[in-house]
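The values are calculated or read from the model by the stated rules, or taken from the named source; none is laboratory data. Model, not experiment: these values are computed from the prediction. With ideal geometry, Cβ positions are generated from the backbone for all residues, glycine too; neighbour counts draw on all protein chains shown. Remember, those area values only see protein heavy atoms, side chains included, never the ligands or the DNA or RNA. Shrake-Rupley method; radii C 1.70, N 1.55, O 1.52, S 1.80 Å.
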There are 2 protein chains.
Amino acid sequence: MTESGQNTRKRPTGRRTGDSGTRDAILDAARDLFADLGFDGASIRAIAAAAGVDPALIRHFFGDKETLFASTVADRTAIPQRLVDALTGDPAQLGRRVTDTYLKLWEDPETQPVLQALVRSATTSDRAAAMLREVLGARLLSQEILPGFDEDRIRRLAICASHLLGIAVARYIIKLPAISALPRDALMDEVAPTIQRYLTGQHQ
Amino acid sequence: MTESGQNTRKRPTGRRTGDSGTRDAILDAARDLFADLGFDGASIRAIAAAAGVDPALIRHFFGDKETLFASTVADRTAIPQRLVDALTGDPAQLGRRVTDTYLKLWEDPETQPVLQALVRSATTSDRAAAMLREVLGARLLSQEILPGFDEDRIRRLAICASHLLGIAVARYIIKLPAISALPRDALMDEVAPTIQRYLTGQHQ
DNA sequence: CGAGGATTTCCTCATTCGTGGAATTAAAGT
DNA sequence: ACTTTAATTCCACGAATGAGGAAATCCTCG
């Protein structure tokens, strides 16, 4: 135990030597905490503690909490793109492709925390709700993104998005046993035909 | 001017004469604030202010915040029952009946705030998530409540619940324009056939 | 009418939070 | 070598929060 005195040891101030990937450590911790606790629930102090860093550093790098949140969810912009990609290709497999892509996004440890942070925060924070609205509305459900989709198809695509959103909320946020206990394949088999019907328009 | 002095007039302490429906006023204010801001977002002080009452009264009547929340969402137990009722009757109209009942629950000014409070809080507060799980799981998706439903039908009913939950989240929480702009009839026409298919089992 | 309980207010306490300032050390630029 | 910039810490402030104590007022029951 050498000596070390009190357990409240003062850490040295000033810049660290070498390249400390502190900024990324903050982003990682923030991503995880926002995913688990939502925007309001995850405090700057808790994020800093998880990153092993002083809270003031967060302010130094990101300015304020909203910017930090935006930084953690931004850049994973590949998420809407992957879904858009799944919309193109063999129409016979459309439902399976979209559902599979979506469910895998919610299982991928890279993208899952971001989605969870967005959804969990969107119900409480207006800012996060606006972000999710923007992602869903402007980057997915618009005619610029989906050329050739008429209004009717976009409307049914929006209903698909709601369906899949509900599945994710039940499975990963509320953790409803009847849904979260299902293996992905079983969920796929149930949901994919519905998505297929919504998207290909034989819906009556 | 007699005296009366400052505009910060102290309100008289002690019991009011007559029957002041204060407890109900608190419950009403709590219902609305929980619906708008969620469990964490709605502070005891804000609820008290909305009810025109001292914060300590809430503690006096309900003890702590969780009990207050539980009291506001309890008693509206009619909600799961109405859905269960919709499940019985002419099987040909099943999808329409369930969807109609559900969408009306989300428009009824009596039940809407409760649903909104539950959903909005469930993503942040573990306690609220447990409540929603209990309502959905034990009071709706169990074989005691739905005699004669085998496991496969209950599983597909859970997927229905997720679909409808997603619709409500998109429409009333995130306020996704593509969904919230739709009139109820249009939404019905799109969604009811899907619910019908899930529930009657011709799902492949 | 008097005693006990219910209703209501005010004040206080300990925490927690987001934000900001000031100081210290290392790196980068000239 | 000297100056500027970047990274890092500690400390503090003001606001808000949930919880609780103490007193005042009214009602009810004997």
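Structure notes:
- From the options B:A128, B:A92, B:A70, B:A74, residue that is more than 14 Å from every other protein chain (Cβ to nearest Cβ), within 16 Å of DNA strand D (Cβ to nearest atom) and small (G, A, S): B:A70
- Considering region A:10-35, and only residues there that are charged (D, E, K, R) and farther than 30 Å from B:A129 by Cα, the residue that is farthest from DNA strand C (Cβ to nearest atom) turns out to be A:D24.
- For region A:48-67, taking the residues that are more than 11 Å from A:L27 (Cβ to Cβ), near DNA strand D (Cβ under 9 Å from one of its atoms) and among the aliphatic types (A, V, I, L, M), the one that is least open to solvent (accessible area, probe 1.4 Å) is identified as A:A48.
- Test: residue in region A:147-164 that is modelled with pLDDT of 95 or more and more than 9 Å from chain B (Cβ to nearest Cβ): yes
- Condition check for B:D36: open to solvent by 40 Å² or more (accessible area, probe 1.4 Å), more than 10 Å from DNA strand D (Cβ to nearest atom) and assigned to a helix (DSSP H, G or I): yes
- Residue pairs meeting the criteria (Cβ under 6 Å; at least 6 apart or on separate chains; first within 9 Å of DNA strand C (Cβ to nearest atom), in region A:36-51; second among the aromatic types (F, W, Y)): A:F39/A:F69; A:A42/A:F34
- The residues on offer are A:L136, A:L140, and the sole one that is among the aliphatic types (A, V, I, L, M), assigned to a loop (DSSP other than H, G, I, E, B) and crowded, with 21+ Cβ neighbours inside 10 Å is A:L140.
- The condition of being more than 10 Å from DNA strand D (Cβ to nearest atom), more than 22 Å from B:A168 (Cα to Cα), assigned to a helix (DSSP H, G or I) and open to solvent by 60 Å² or more (accessible area, probe 1.4 Å) does not hold for B:A29.
- The one condition in (1) under 13 Å from the mean Cα position of the chain (by Cα); (2) surrounded by fewer than 19 Cβ atoms within 10 Å (Cβ to Cβ) that A:T17 fails to fulfil: (1)
- Out of B:P109, B:P80, sole residue that is within 12 Å of the chain's Cα centre (by Cα), of a type outside the set (K, R), surrounded by fewer than 21 Cβ atoms within 10 Å (Cβ to Cβ) and outside any helix (DSSP H, G or I): B:P109
- Considered as a group, the residues in region B:165-196 that are within 7 Å of chain A (Cβ to nearest Cβ) and in contact (Cβ under 8 Å) with a residue 12 or more places away in the chain include one that is farthest from A:V169 (Cα to Cα), and that residue is B:P193.
- Whenever a residue of region A:98-124 is away from every other protein chain (no Cβ under 14 Å), its partners that are crowded, with 24+ Cβ neighbours inside 10 Å and aromatic (F, W, Y), lying with C-beta atoms within less than 9 angstrom and at least six residues away or across chains, give the pairs A:P113/A:F34; A:V114/A:F34.
- Of all residues in region A:52-64, those satisfying the criterion of being near DNA strand C (Cβ under 8 Å from one of its atoms) and of a type in the set (A, V, I, L, M, F, W, C) are A:A56, A:I58.
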